[in-house]
Amino acid sequence: MLTSIIKRDGRVVIYDRNKIKMAILKAMEASGSTDFEKADLVTQAVEQHFNMQNSYATPSVEEIQDQVEHELMASGLDNVAKRYILYRASRNTIRERKSKLVKVFDEITFSDALDSDVKRENANIDGDTPMGTMLKYGSESAKDYFLKFLLSPDQAEAHRDGYIHIHDFDFYALTMTCCQIDLIKLFKGGFSTGHGFLREPNDIQSYSALACIAIQSNQNDQHGGQSIVNFDYGLADGVRKTYKKLYLKNIAKVCDVLGENVSYEQLKEMSAAITERCGAMPKITPDKTYVALELEELKKLCKDPAVAEKAQKFALEKTEDETDKATYQAMEAFIHNLNTMHSRAGAQTPFSSINYGMDTSDEGRMVMKNVLLATDAGLGHGETPIFPIQIFRVKEGINYNPGERNYDLFQLAIKVSAKRLFPNFSFQDAPYNLKYYNPDDVRTEIGYMGCRTRVVANTYDPNNEITYGRGNLSFTSINLPRLAIEAKGDEDLFYRNLKKYLDLCVKQLMDRFAIQKKKRVRNFPFLMGQGVWIDSEKLGIDDEVGEVIKHGTLSVGFIGLAETLTALYGKHHGESEEAQKKGLEIIGFMRRILDEYSDRFKLNFSLLATPAEGLSGRFVRIDKKRFGEIKGVTDKEYYTNSFHIPVSFEISAYDKINLEAPYHALTNAGHITYVEMDGDVSQNLEAFEAVVRCMKEAGIGYGAINHPVDRDPVCGYNGIIGDVCPRCGRRDGEGVPLEKLHRLGLYKHLNAATLGQCGNQFEEADRIPNKI
Amino acid sequence: MTYNPDTQMVGEGVKFERIRRITGYLVGTVDRFNDGKRAEERDRVKHDPTKC
Ligand SMILES: [Zn+2]
Ligand SMILES: [Zn+2]
């Protein structure tokens, strides 16, 4: 029986015979035919055709219209058929013009990014540039196609109606989210970017340059942010190589000045031979055996043994400082490059993050100190660097308490974060992070990336519970407040629907995984071709990646726990202890279901505290339309991020941290807690540090502190600017008299003639950033 | 940098940069963000750290 039909957007609706009849009548009218009774007969014939087919397949609108055409002609109503075909074609054009995709294309084509939410969806892509616009057309068409043809009807409906949100949907059938890049493994023996081979780097400058290239190359293979898991250990080897090089050059220099004929090449050979004998080489904390053996050999090379002694002494004294300076420059370049480099068709600066904090070697410490100092100094004109996200690993016994080896770096990290907002802090001692940590295996140190992603447990391969070379495959978030509103206070109904959508998300993640599995190594020339992803080095270029990507995670996220609790119980978890209990029950339930799926499929399903992203406005917009304005639920323009206490709720830092910490333990795919601090925190480092320590003690896994960081591009002032710039006295958008800037010691070499109407390329060089 | 020779003023029309963290990333201005994110940033209140 013909009972239902499939509409053009994929929805199934009840069959309505009147619609067919009306269309035929219209065509008759237009063709001047008056055989109106035949409209009924033709309609019946069409129905009969589909009933006769003896098939349970539901016909599409197009199939039905084809059949109407056929029956009109079979009944000799040729003129009516012609009209019907014309009418159908014109309706199609109108429909095309009205289709969502075309409307979106209109917006991309004709509106400015400032007025367009579509264009601002990803703030990191400049929606006004030609390349950014091209990406937008591609992305919107891809989404349209995936929605109509790759999702099952129930998934498409849930995504379209805002019950769930499939993240990075424009990349649905293309790639995976992200990977923690291990620089040591990557650099060993050199690597290929897909555009050429790069030799193993041999000093800190080239280490830093290649680290940038690694981030950029991986950006082309994956759709998420890029992360380096071992920035400290990874670049320490570059410092070692630079030290050795500068050390031998210093010896050569002194020999040369004092009239000895000893070349750098000779010294390299000598040093290599000693390393062969004793296993040590020149390094920041000198190896006594090496130094003694080297002096012996140097004396053989020099005519005057006193020169040998002087040369070695000079090198031992000077080289550390020079290496330190070279490292600073390399870190400065690294940050500068990450803030200016472009990728993905030139429209997007790569989202990048780096993890460090626990390497206690001299060289690793030198890397960390200098990346922090370079961040503190800022970009060319003292601007706060936007990239990379820096994540400082805090660990008792290594950097948390006075007297510990890297305590000085923890203190420096606090000072820099209080000025520049980065680094954020990850906490190795949080029980759920500590349980994977093995002090003898750096690959078990916790890693976070982008704004929060975390991958460490491994149900697929319990021998590889590590952070290196792994990442998220894809994630989908559930609109929790919607389920709460629809439950109308019925807790059981809420949990039943939550289970239903968890199941649906898992199924959808598996469907997407089935597509990802079929990709081959050659689809990811860097990620898989260069062995960045764990175990990919064991695959050939034409092998499928299906098995190795099982090391990745499939994550379900959620948004708006606060609104969910308000809708269900009248209060959110910041307002009532009872609500906090209920909140932990809900999130604990989600985690339990995902753990069960992990065990069942031997895959890594995990629970994500979704970082809102493009979602923050979308869900609530739909829900406000459906359910109206509900106080504390749909009355804002956004739903609260994951398990966060609402941003507008008055609460102390201590209470916020302690209420959010238990959710970190449950959200194994990633989480972050923010604290907002007022005023110039760089003048109150004790308070800043107290908040970080409070996070650690509460069992937070990953946290950051927000505070105002302003800058006046005219006078270069960095700090807090209220209505008036404290240095030059201008208001937002106002000009400053040139003469006043001169009095402040700025724009010294510039006058009205050199500055010119459009500015002058040298003017900014004159600015002095204010003192730290 | 802009310079207006008539008034001898530097920087007319140049806005202050206000670096903020939006969904985990730092931004120089919130203008490029969609309405939900902008509203979220606007609504944030400070957390008193004294109990920490
Ligand atoms: Zn990630
Ligand atoms: Zn100023």
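Conditions tested, residue by residue: (1) surrounded by fewer than 24 Cβ atoms within 10 Å (Cβ to Cβ); (2) at pLDDT below 95; (3) within 9 Å of chain B (Cβ to nearest Cβ).
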| position | (1), (2), (3) |
| --- | --- |
| A:588 | yes, no, no |
| A:598 | yes, no, no |
| A:607 | no, no, no |
| A:618 | yes, yes, yes |
| A:629 | yes, no, no |
| A:643 | no, no, no |
| A:657 | no, no, yes |
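For the range A:366-380, what are the residues that are open to solvent by 40 Å² or more (accessible area, probe 1.4 Å) and of a type in the set (D, E, K, R)?
Residue satisfying the conditions is A:369 alone.
Quick one: in the range B:23-52, of everything that is more than 7 Å from chain A (Cβ to nearest Cβ) and either open to solvent by 50 Å² or more (accessible area, probe 1.4 Å) or over 30 Å from residue A:746 (Cβ atoms) (or both), which residue is modelled with the highest pLDDT?
Among them, the one singled out is B:50.
Every residue in the range A:660-680 that is open to solvent by 10 Å² or more (accessible area, probe 1.4 Å) and more than 14 Å from chain B (Cβ to nearest Cβ), please.
A:662, A:665, A:666, A:668
Which is surrounded by fewer than 23 Cβ atoms within 10 Å (Cβ to Cβ) and in contact with a Ser or Thr (Cβ under 9 Å, 6 or more places away or on another chain), of A:460, A:448?
A:460
In the range A:704-719, how many residues are in a loop (DSSP other than H, G, I, E, B) and within 12 Å of ligand 2 (Cβ to nearest atom)?
6
Would you confirm whether any residue within the range A:474-488 is closer than 26 Å to residue A:186 by Cα, within 16 Å of ligand 1 (Cβ to nearest atom) and within 14 Å of another protein chain (Cβ to nearest Cβ)?
There is no residue in the range A:474-488 that is closer than 26 Å to residue A:186 by Cα, within 16 Å of ligand 1 (Cβ to nearest atom) and within 14 Å of another protein chain (Cβ to nearest Cβ).
Test residue A:550 against the stated conditions and say whether it is without any contact (Cβ under 8 Å) to a residue 60 or more places away in the chain, assigned to a helix (DSSP H, G or I), at negative phi and open to solvent by 30 Å² or more (accessible area, probe 1.4 Å).
The answer is no for residue A:550.
Based on what the data block shows, is residue A:203 at pLDDT 95 or above, more than 16 Å from ligand 1 (Cβ to nearest atom) and under 21 Å from the mean Cα position of the chain (by Cα)?
Criteria not met by residue A:203.
Could you tell me how many of the residues in the range A:155-208 are out of contact with any strand residue (DSSP E or B) (no Cβ under 9 Å at 6 or more places or on another chain) and small (Gly, Ala, Ser)?
6
Take the range A:455-505 and flag every residue that is assigned to a loop (DSSP other than H, G, I, E, B) and not charged (D, E, K, R).
A:455, A:456, A:457, A:458, A:459, A:460, A:466, A:467, A:468, A:469, A:471, A:489
For residue A:24, indicate whether it is more than 30 Å from residue A:140 (Cβ to Cβ) and open to solvent by less than 50 Å² (accessible area, probe 1.4 Å).
Spelling it out, residue A:24 is indeed more than 30 Å from residue A:140 (Cβ to Cβ) and open to solvent by less than 50 Å² (accessible area, probe 1.4 Å).
Just checking, does the range A:4-12 include any residue being surrounded by 12 or more Cβ atoms within 10 Å (Cβ to Cβ), on the phi > 0 side of the Ramachandran plot and either outside the structural domain of residue A:160 (by TED's automatic domain parsing) or not polar (S, T, N, Q) (or both)?
yes
Every residue in the range A:728-741 that is within 11 Å of ligand 2 (Cβ to nearest atom) and open to solvent by 60 Å² or more (accessible area, probe 1.4 Å), please.
Residues satisfying the conditions are A:731, A:732, A:734, A:740.
Which residues, taken from the range B:10-22, are more than 30 Å from residue A:449 (Cβ to Cβ) and surrounded by fewer than 18 Cβ atoms within 10 Å (Cβ to Cβ)?
B:12, B:13, B:15
Here is a yes/no grid of residues against (1) in a loop (DSSP other than H, G, I, E, B); (2) touching a helix residue (DSSP H, G or I) at 6+ places or on another chain (Cβ under 8 Å); (3) over 20 Å from residue A:338 (Cα atoms):
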position: A:359; (1), (2), (3): yes, yes, yes
position: A:368; (1), (2), (3): no, yes, no
position: A:373; (1), (2), (3): no, yes, no
position: A:390; (1), (2), (3): no, yes, no
position: A:393; (1), (2), (3): no, no, yes
position: A:396; (1), (2), (3): yes, no, yes
position: A:401; (1), (2), (3): yes, yes, yes
position: A:415; (1), (2), (3): no, yes, yes
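Looking only at residues in the range A:453-465 that are farther than 17 Å from residue A:527 by Cβ and hydrophobic (A, V, I, L, M, F, W, C), which one is farthest from ligand 2 (Cβ to nearest atom)?
Across the range A:453-465, the extreme among qualifying residues is A:457.
Run down A:155, A:180 and say which single residue is of a type in the set (S, T, N, Q) and under 20 Å from residue A:351 (Cβ atoms).
Sole residue among the options that is of a type in the set (S, T, N, Q) and under 20 Å from residue A:351 (Cβ atoms): A:180.
Among the residues of the range A:27-71 satisfying the criterion of being of a type in the set (Phe, Trp, Tyr) and open to solvent by 60 Å² or more (accessible area, probe 1.4 Å), which is modelled with the lowest pLDDT?
Within the range A:27-71, the match that is modelled with the lowest pLDDT is A:56.
In the range A:227-248, how many residues are among the aliphatic types (A, V, I, L, M), open to solvent by less than 10 Å² (accessible area, probe 1.4 Å) and more than 16 Å from ligand 1 (Cβ to nearest atom)?
Residues in the range A:227-248 being among the aliphatic types (A, V, I, L, M), open to solvent by less than 10 Å² (accessible area, probe 1.4 Å) and more than 16 Å from ligand 1 (Cβ to nearest atom): 4 in total.
Name the one entry in A:224, A:194, A:132 that is assigned to a loop (DSSP other than H, G, I, E, B), within 14 Å of chain B (Cβ to nearest Cβ) and either in contact (Cβ under 8 Å) with a residue 60 or more places away in the chain or away from ligand 1 (no atom under 16 Å from the Cβ) (or both).
Going through A:224, A:194, A:132 in turn, just one is assigned to a loop (DSSP other than H, G, I, E, B), within 14 Å of chain B (Cβ to nearest Cβ) and either in contact (Cβ under 8 Å) with a residue 60 or more places away in the chain or away from ligand 1 (no atom under 16 Å from the Cβ) (or both): A:224.
Please state which of the following conditions residue B:6 fails to meet, knowing it meets all the rest: (1) more than 7 Å from every other protein chain (Cβ to nearest Cβ); (2) in a strand (DSSP E or B); (3) open to solvent by 60 Å² or more (accessible area, probe 1.4 Å).
It is condition (2) that residue B:6 fails.
Would the range A:688-703 turn up any residue that is within 16 Å of ligand 1 (Cβ to nearest atom), within 11 Å of chain B (Cβ to nearest Cβ) and not in a helix (DSSP H, G or I)?
Yes, the range A:688-703 contains a residue that is within 16 Å of ligand 1 (Cβ to nearest atom), within 11 Å of chain B (Cβ to nearest Cβ) and not in a helix (DSSP H, G or I).
Being in contact with a Phe, Trp or Tyr (Cβ under 8 Å, 6 or more places away or on another chain) and either crowded, with 22+ Cβ neighbours inside 10 Å or touching a residue at least 24 places away in the same chain (Cβ under 8 Å) (or both) narrows it down to one of A:363, A:383, so name that one.
Checking each option against the conditions leaves just A:363.
What are the pairs, 6+ residues apart or on separate chains, where a residue within the range A:627-639 that is without any contact (Cβ under 8 Å) to a residue 40 or more places away in the chain has its Cβ under 7 Å from a residue that is small (Gly, Ala, Ser) and assigned to a helix (DSSP H, G or I)?
Hits for this filter: A:636/B:39; A:637/A:617; A:637/B:36; A:637/B:39; A:638/A:616; A:638/A:617; A:638/B:36; A:638/B:39.
Going by the conditions given, is residue A:251 more than 14 Å from chain B (Cβ to nearest Cβ), within 16 Å of ligand 1 (Cβ to nearest atom) and not in a strand (DSSP E or B)?
No: the conditions fail for residue A:251.
Does any residue in the range A:708-730 that is under 16 Å from residue A:679 (Cβ atoms) and facing another protein chain (nearest Cβ under 7 Å) come within less than 7 Å, Cβ to Cβ, of a residue that is more than 6 Å from ligand 2 (Cβ to nearest atom) and of a type in the set (S, T, N, Q) six or more places away or on a different chain, and which pairs are these?
Listed by first residue and then by second, the contacts come to A:709/A:384.
The values are calculated or read from the model by the stated rules, or taken from the named source; none is laboratory data. All values reported here derive from a predicted model rather than from experimental measurement. Every residue, glycine among them, receives a Cβ derived from its backbone with ideal geometry; neighbour counts consider all protein chains shown. These accessible areas exclude ligands, DNA and RNA; they are computed on the full protein's heavy atoms, side chains included. Shrake-Rupley method; radii C 1.70, N 1.55, O 1.52, S 1.80 Å.
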